[in-house]
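Trainee: Let me give you the structure first, and then I'll get to my questions.
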Amino acid sequence: MKLDPKTLLLGGLALAGLLIVGEIVMISMASTKADKLGKTYQGKLKDLDSRAKRKPYPSERNLKLETENIDLVRGNHDDLRSALSTNQTRSKERNPASFLDAWKKVRVDLTKSAKSARVGLPADSPFGFDYYLKGDVPIPDHVPRMMDQLHLIEELVELLYDSNVRKIGSVSREAFELPAEAISRRT
């Protein structure tokens, strides 16, 4: 079977035409995809450019959230602070005579403990309650806090004894109160 040169030419042209059409289709598909990618790229580039030009922090939303957080923390802090500052005293004792008796007992006990622990103490140490050496009496409202201070001083001094301290020069405290006699002289 012999093929006619015209048939061969037509077959070759048809094949070349199909290849060209196929190439055109491939080029147009690649061009469409490139256009889509170019548009996406341009959009992302514009978005990035706008983000670079604006000041993202602090945004109004972030400022509002942080203000609310700060207010919440401050409120919790104030609540905690007020809770800690009310009814702090452990002692319910309000009798000034009971405080003076307890103070004298603590003085005697700490002086004896100092001797047995071989710790030097000032003679007749008031352990921070100097006002009451003269016989002044505290106000009943001050007694609970003073009892707490007395017990804390007792615990701290005993801790010093246990720590093998050789000498205690003095013991002081925050004297928040004035003796009843001093207050009565003021009024």
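Trainee: Plugging the Kirkwood radius over Cα pairs into Stokes-Einstein for the chain, at a temperature of 20 °C and a viscosity of 1.002 mPa s, what D comes out in µm²/s?
Mentor: Approximately 83 µm²/s, per Stokes-Einstein.
Trainee: Can you tell me which aspartates and glutamates have their Cα less than 17 Å from the Cα of Lys167? Leave out same-chain residues fewer than eight positions away.
Mentor: Counting by Cα, and skipping residues close in sequence, Lys167 has these aspartates and glutamates nearby: Asp109, Asp124, Glu154, Glu155, Glu158.
Trainee: Further question: So for the stretch 99-176, considering every pair of alpha-carbon atoms, how many percent are separated by more than 22 Å?
Mentor: 20 percent
Trainee: Write down, largest first, the equivalent ellipsoid semi-axes of the stretch 11-102 in whole Å, where each equals the square root of 5 times an eigenvalue of the alpha-carbon gyration tensor.
Mentor: Calculated on Cα positions only, the semi-axes equal 85, 16, 7 Å.
Trainee: Also: For Lys39, give me every one of the lysines with a C-alpha distance below 29 angstrom, ignoring sequence neighbours fewer than eight places off in its own chain.
Mentor: Candidates past the 8-residue exclusion: Lys53, Lys55.
Trainee: List the aspartates and glutamates whose Cα sits under 16 Å from the Cα of Lys92, skipping any in the same chain fewer than 8 residues away.
Mentor: Straight-distance partners of Lys92: Asp101, Asp141, Asp148.
Trainee: Related question: For the chain, what does -39500 (n - 2.57) per DSSP helix run (n ≥ 4), summed and divided by total residues, give at 222 nm, in deg cm²/dmol to the nearest 500?
Mentor: Computed ellipticity for the chain at 222 nm equals -23500 deg cm²/dmol.
Read-outs: derived from the displayed coordinates by stated rules, not from any lab. Please read all numbers here as calculations on a predicted model, not as lab measurements.
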